[in-house]
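Notes follow once the structure below has been shown.
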Amino acid sequence: MIKRFISCGLLILIIAFSVSCEQKKDNKSFSKTYYNYFDTVITIKAYNIDKNSFNSVCDLLESELLEKYNQLFDIYNNYKGVNNIKTINDNAGIKKIQVDEELTDFLDCCKKMYNVTKGNVNICLGSVLSVWHKYRDEGKKVPEKSKLEKANSFTDINNLVINKKNNTVYLRQKGCNIDVGAIAKGYVTDKINSYLIAHSVTSAVVNFGGNILTVGKKPYGDDFSVGIANPKDNRKNIITLKCSNGLIVSTSGDYERYYEVNGKKYCHIISPITLFPPDRNKSVTVISNCGYLADVMSTALFILNYDDGLDLVNKTDDCEACIVDSSMKVYYSYGFKEFIK
Ligand code: ADP
Ligand code: MG
């Protein structure tokens, strides 16, 4: 459930005053799109800001934040002088690696999310995910169950040993490897939120590869509108949400990243139980004030059946969800409808 705060009279007066000030400002916006980070597209659209300030915030955000996290969380590339997730993976079963504190914080958070999602989002599933990745790239066959089962013998989350005091990380089983695709985008979205606020951006929408962050409100005080794509035709929306003030909307679906074998679609989310893409749901959207929670919960609920998924969300703080199942039936958590426009 997302807790709502009751405003006192004074606060209402302050809001009324600030809204009247807002109305003197214009509705002009500036946009910036980044294509080189996290294997995705990131767009920032900001209001209530002049062009020079916007450009300089975007340049700083790129050099101080996007470049840094992109290097630390990269599983494919090495960077000179940087120990990143690839370094940790390459040294599985060999030695512990000294890393930046930002990386131990992140991996520690990923481990917590393993528990929050009841093991459905497991960053140590890398060995299984890379089998699927290879087959998806070739696009012809589905991996044999035996191959996936073999890969699954390297996925125990307890292989990931984090020492927060010394900032070391060790994957203690050779063959184990980390994949942070289900959480990194949401985690960095939170960092962007704090960064923009600290740099006086008061009204903006960020689309980080499908994780939508709202900073403040629209210039005239309205909520931002965030559309949830129709899984059958993603040019259209099935639901429009009203969001503002740090809310993040994350969607996991089977309609954008998948491949087809003998007419059957295989998407990029893998159940840690069956080791295959689940086909219960077409899309799951999660709303939260916490980007990484929204990101992992949308992936987890995509795997679970709607009953277990809604139960999990309803018991988790700061989290609402909407599930579109394979027959296009829509299910909502207790508080989700409050956010529908
Ligand atoms: P997207 O990246 O398209 O927004 P998700 O947030 O749902 O979608 O994350 C999917 C990615 O997470 C996959 O591409 C893969 O790298 C990784 N992944 C897939 N299944 C799991 C899982 N059960 N646990 C952890 N990571 C997963
Ligand atoms: Mg996710």
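Keeping all protein chains in the complex and leaving out DNA, RNA and ligands, what accessible area do you get for residue 323 with a 1.4 Å probe, in Å² to the nearest 10?
About 0 Å², rounded to the nearest 10.
Show me the chymotrypsin sites (Phe, Trp or Tyr not before Pro) within segment 224-283 that DSSP assigns to loop and that have at most 16 other Cβ atoms within 10 Å of their Cβ.
On the way: sites: 224, 255, 258, 259, 266; in loops: 255.
Answer by residue number: 255.
With a 1.4 Å probe and every protein chain left in place, tell me how much accessible area residue 273 has, in Å² to the nearest 10.
The accessible area comes out at roughly 140 Å².
For residue 236, go through the lysines and keep the ones whose alpha-carbon is under 18 Å away, minus same-chain ones fewer than eight residues off.
282, 329, 341
Can you give me the relative contact order of the chain as a percent, contacts being Cα pairs under 8 Å and 6 or more apart?
Across the chain, relative contact order equals 17 percent.
Roughly how many nanometres apart are two label points built 7 Å out from the Cα toward the Cβ at residue 222 and residue 147?
Simple spin-label model gives 5.1 nm for this pair.
In percent, how large is the relative contact order of segment 81-171, given Cα pairs closer than 8 Å and 6 or more residues apart?
Once normalised by length, the contact order is 41 percent.
For residue 283, which sequence-distant residues (separation of 5 or more, or a different chain) have an amide H within less than 5 Å of its own amide H, given hydrogens modelled in the peptide plane?
Amide H neighbours of residue 283: 324.
Helix 291-303 versus the longest principal axis of the chain: what is the Cα-based angle in degrees, 0 to 90, to the nearest 10?
Relative to the chain, helix 291-303 is tipped by roughly 50 degrees.
Which angle between 0 and 90 degrees, to the nearest 10, do you get for helix 184-198 versus the longest principal axis of the chain when only C-alpha atoms count?
It is inclined by approximately 30 degrees.
With a ≥ b ≥ c the root eigenvalues of the C-alpha gyration tensor of segment 42-150, is it rounded (a/c under 1.5), prolate (a/b larger than b/c) or oblate? Display every interim value, and only then the final one.
Numbers: a/c = 2.09, a/b = 1.67, b/c = 1.25.
Prolate is the answer for segment 42-150, as a/c is 1.5 or above and a/b outweighs b/c.
Which of the trypsin sites (Lys or Arg not before Pro) found in segment 155-193 are in a DSSP loop and have at most 10 neighbouring Cβ atoms, other than their own, within 10 Å?
Values: sites: 164, 165, 172, 174, 185, 191; in loops: 164, 165, 172, 174.
When the trypsin sites (Lys or Arg not before Pro) of segment 155-193 are filtered for loop state and at most 10 Cβ neighbours within 10 Å, 165 remain.
Report, in degrees rounded to the nearest 10, the 0 to 90 angle that the Cα long axis of helix 9-22 makes with the longest principal axis of the chain.
80
The values are calculated or read from the model by the stated rules, or taken from the named source; none is laboratory data. Everything numeric here is computed off the predicted structure, so don't read it as measured data. Every residue, glycine among them, receives a Cβ derived from its backbone with ideal geometry; neighbour counts consider all protein chains shown. For accessibility, only protein heavy atoms count, side chains too; no ligands or nucleic acids. Shrake-Rupley method; radii C 1.70, N 1.55, O 1.52, S 1.80 Å.
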